[in-house]
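Below is one structure, written out as structure tokens; the observations come after it.
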Amino acid sequence: MKLLESVGRIVAISRKEIRQLRRDRLTFGMVVAIPIVQLVLFGYAINEDVRHLRAAAVDYANTQNSRLLLADAHASQVIDLVRKASSAEELEEWLRRGEIRVGIVIPADYERRLEDRKRHGRSARPLAQILVDASDPATYGSVAGLLNLPPPERPGIQPPRWRYGSAISGVSNPPPTFEARPFYNPERRSAVHIVPGLVGVILTMTMVLFTSVAIVRERERGSLELLITTPMKPVELMVGKILPYVLIGLIQVGLVLGVGALIFRVPLRATPQDTIVAALVFITASLTLGLLISTIAKTQFQAFQLTFFSFLPQMLLSGFMFPFDAMPRPAQWIAELMPLTHFLRVIRGILLRGARVVEMRHEIWPLAVFALVMLTLAAGRFRKRLD
Amino acid sequence: MSESAEQVIRSQGLTRRFGSLVAVDHVDLEVPKASVYGFLGPNGSGKTTTIRMLCGLLEPSEGKAQVLGLEVPKEAEGLRRRVGYMTQRFSLFEDLSVFENLDFLGEIHSLKASHRRSRIDTLLERYRLADRRKQRAGTLSGGQKQRLALAAAVLHEPELLFLDEPTSAVDPENRRDFWESIFQLADEGTTVLCSTHYMEEAERCHLLAILDHGKLVANGTPQQLMDDVDATVVEIQTEDPRRVREQLAGMTGLLSLAQLGNRLRLLLHREVENPVWQVEEELDIDAGATVQVVRPNLEDVFVVVTRDEVS
């Protein structure tokens with residue numbers, strides 16, 4: 001009975017909110033305009049040079065020379081070799097889950113290929129393979145610089161450089177050391193990378209803003225004073241106010257992805273269920289942030305200010321505008337606290353790399369924790385009193 | 001029924017501070033059931049703050065209050081279904097229609113759909129809003145908005161109704177109508193606590209408390225207050241009020257002097273004997289003024305009690 005009444009009140013608030021929203025042309029327009037304008041604006045963004053990409057390697061040859069090659073690749077600072085894989089399949093799986101951006105496969109016949117290269121020069125096979133998560137074209141651009149890394153050899157066994165040089169005289173243009181295998185975005189179109197990110201950015205902007213403003217507006221117009229003298233409970237008000245925006249958030253996701261697929265031919269590799277689950281978790285996280293802001297801001301203007309205050313660092317540090325791997329460490333630590341950072345990884349993972357949501361759970365739980373913390377703080381701050 | 005059981009509101013030493021400002025200062029109240037209880041006071045005298053504390057919207061800094069037998073603010077949740085509150089500002093949703101506003105609040109109060117509909121119909125009829133049913137609340141006139149706010153406040157048939165300056169945005173005719181509605185509610189058993197700064201409204205109340213600078217400076221029935229006023233009221237009819245004013249300025253025992261057209265209203269200390277004679281003494285013979293003692297009205301009461309406060 002109690003629960004039923006509670007649900008009744010939540011539904012009443014939600015329905016009221018939708019009614020008001022429908023009549024508020026400006027807000028209603030923003031629901032549609034923000035995604036489309038942003039999409040067009042960011043659709044053609046600029047790429048950056050990236051360093052310190054998380055990488056892993058599988059070394060089937062495991063010779064001194066192959067280890068030297070890996071060490072040199074690491075020393076280039078383009079990649080940071082953080083793990084060793086036991087198979088190429090494992091490498092690919094890590095790549096899909098977003099744990100690494102680059103994978104190096106050194107074949108078992110590495111030494112022979114090294115010999116071939118000296119003998120046949122240009123026509124020889126590449127020495128090793130490099131797998132790149134090219135969903136961010138910037139990543140691929142940086143890795144391209146590694147492809148012609150000269151293969152190091154142990155000096156003891158090796159003839160001196162000048163003699164070695166004469167041994168392959170006539171070979172002026174050696175074959176690339178690595179053969180690149182770009183994954184997920186072989187054409188390296190930036191839109192492919194930007195559009196899923198935009199889903200996150202747009203949700204951050206609209207969800208936080210709408211919720212914070214929705215509650216502050218009640219306070220500003222005096223209706224909160226009326227509502228808190230009714231049997232309505234704070235949590236009912238919050239949930240009832242949030243629900244319509246969850247729906248709006250999902251509509252926006254559909255809008256961005258739809259337009260993205262249509263105009264920018266972004267591949268959508270995720271199942272709808274996975275997309276919805278990922279979006280729901282992130283929407284909830286953003287809405288709870290909006291709720292917290294609404295308990296702090298006294299006017300709609302303050303709510304706007306606080307929203308942008310929370311929005312800007314997320315925009316800059318989450319990996320949407322600048323590649324995450326290229327940022328200095330402290331910035332990365334801060335970014336790890338932001339919901340958008342995690343959501344970008346999830347949504348790119350499932351949309352571009354075809355990962356399942358369960359495979360991305362290591363990025364989902366930080367979002368859930370964030371939502372829980374925000375909700376607790378907000379509920380603590382929102383009391384059914386005016387003081 | 002014992003006397004205390006009939007008190008719907010009791011407060012002892014109710015106090016609220018905002019920083020160094022004492023908005024409400026040790027207010028003791030007793031509001032009997034089914035009465036229309038008025039709060040009279042100028043702006044900033046603590047009327048709204050007192051009402052908010054009694055609703056459980058604000059926590060008292062000191063003192064305690066019982067409303068409908070419940071301690072506030074501790075048990076304020078239990079009051080929600082039994083109390084109606086009409087805020088000073090129109091606080092319904094301007095972008096919802098008249099019906100939608102009431103329907104929404106009905107749902108918040110968990111009124112059953114069929115009962116809700118019939119109750120809304122009754123109220124729309126009673127408060128002459130039936131033809132405005134589909135109109136957005138924001139486009140209603142001042143009087144209509146006020147009647148809608150009243151309908152919203154009594155939708156769930158509360159035992160106690162708080163009205164915070166309900167008529168401040170309304171013309172005199174609507175104000176008269178509104179008071180008819182208030183008495184109708186009181187007749188039906190609802191206790192009404194209504195704040196106002198209009199004397200003629202205050203005079204209609206069964207009981208009245210006068211607030212000034214957060215303190216309760218007088219209370220009782222309007223008649224009692226007027227009878228007990230600690231001053232003599234003298235009215236002077238004159239062709240030249242300005243001149244008379246000047247002549248009276250230094251008179252001993254003069255509490256206040258106000259001009260109403262060609263009349264001057266004087267409040268004199270009770271101790272002043274033979275007030276008419278005393279006043280005539282002060283005036284020039286040729287002033288052509290008629291002087292008489294009149295019955296005090298509520299404004300006189302107000303001037304006297306709030307004057308004491310200052311001195």
(message) Quick check on this structure: which one of A:Phe320, A:Phe343, A:Phe324 is without any contact (Cβ under 8 Å) to a residue 24 or more places away in the chain, within 16 Å of the chain's Cα centre (by Cα) and buried (at least 18 other Cβ atoms within 10 Å of the Cβ)?
(response) A:Phe324
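Checking the condition in contact with a Gly (Cβ under 9 Å, 6 or more places away or on another chain) and within 14 Å of chain B (Cβ to nearest Cβ), which residue from A:Thr229, A:Thr211 passes?
Only one candidate qualifies: A:Thr229.
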(message) Looking at (1) assigned by TED's automatic domain parsing to the domain that holds A:Asn65; (2) modelled with pLDDT of 80 or more; (3) aromatic (Phe, Trp, Tyr), which one does A:Phe210 not meet, given that it meets all the others?
(response) (1)
(message) Pairs please, first residue from region B:44-57 and facing another protein chain (nearest Cβ under 10 Å), second anywhere and aromatic (Phe, Trp, Tyr) and outside any helix (DSSP H, G or I), Cβ atoms under 7 Å, 6+ apart in sequence or on different chains.
(response) B:Cys55/B:Tyr85; B:Cys55/B:Phe162
(request) Of the numbered conditions (1) part of a helix (DSSP H, G or I); (2) within 15 Å of the chain's Cα centre (by Cα), A:Arg356 fails exactly one; give the number of that condition. (result) (1)
(message) Based on this model, can you work out whether B:Glu107 counts as touching a helix residue (DSSP H, G or I) at 6+ places or on another chain (Cβ under 8 Å), surrounded by fewer than 19 Cβ atoms within 10 Å (Cβ to Cβ) and at the interface with chain A (Cβ under 10 Å from one of its Cβ atoms)?
(response) no
(request) Could you identify the single residue in A:Asp116, A:Asp133, A:Asp72 that is acidic (Asp, Glu) and over 30 Å from the mean Cα position of the chain (by Cα)? (result) A:Asp116
(message) Give me the residue from region B:121-136 that is touching a residue at least 24 places away in the same chain (Cβ under 8 Å) and either assigned to a helix (DSSP H, G or I) or among the basic types (Lys, Arg) (or both) and, out of that set, surrounded by the fewest Cβ atoms within 10 Å (Cβ to Cβ).
(response) B:Lys134
(message) Given the options B:Val276, B:Val291, name the one that is over 33 Å from the mean Cα position of the chain (by Cα) and either aliphatic (A, V, I, L, M) or under 30 Å from B:Asp25 (Cα atoms) (or both).
(response) B:Val276
(request) Output yes when any residue across region B:196-208 is touching a strand residue (DSSP E or B) at 6+ places or on another chain (Cβ under 6 Å), of a type in the set (A, V, I, L, M, F, W, C), within 30 Å of B:Glu62 (Cβ to Cβ) and part of a strand (DSSP E or B), and no when none is. (result) yes
(message) Against the conditions (1) within 14 Å of another protein chain (Cβ to nearest Cβ); (2) at pLDDT below 90; (3) surrounded by fewer than 17 Cβ atoms within 10 Å (Cβ to Cβ), where does A:Asp49 fall short? Just the number, please.
(response) (1)
(request) Give A:Leu243, A:Leu292, A:Leu255 a once-over and let me know the one that is surrounded by fewer than 24 Cβ atoms within 10 Å (Cβ to Cβ), over 19 Å from the mean Cα position of the chain (by Cα) and not in a loop (DSSP other than H, G, I, E, B). (result) A:Leu243
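Hey, among the residues in region A:196-213 that are hydrophobic (A, V, I, L, M, F, W, C) and under 11 Å from the mean Cα position of the chain (by Cα), which one's nearest to A:Ala144 (Cα to Cα)?
The extreme case among them is A:Leu198.
Every residue, every condition in (1) of a type in the set (Asp, Glu); (2) away from chain A (no Cβ under 14 Å), yes or no:
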{"position": "B:Tyr127", "(1), (2)": "no, yes"}
{"position": "B:Lys145", "(1), (2)": "no, no"}
{"position": "B:Ala149", "(1), (2)": "no, no"}
{"position": "B:Ala152", "(1), (2)": "no, no"}
{"position": "B:Glu157", "(1), (2)": "yes, no"}
{"position": "B:Asp164", "(1), (2)": "yes, no"}
{"position": "B:Ala169", "(1), (2)": "no, no"}
{"position": "B:Asn174", "(1), (2)": "no, yes"}
(message) Suppose we keep only residues that are free of Cβ contacts under 8 Å to residues at least 12 places away in the same chain, of a type outside the set (Lys, Arg) and crowded, with 17+ Cβ neighbours inside 10 Å within region B:65-99. Which one would you say is farthest from the other protein chains (Cβ to nearest Cβ)?
(response) B:Leu70
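The values are calculated or read from the model by the stated rules, or taken from the named source; none is laboratory data. Note that the coordinates shown come from a computational prediction; the quantities given were computed from them, not determined experimentally. Here the Cβ is made from the backbone with ideal geometry for all residues, glycine too, and neighbour counts use every protein chain on show.
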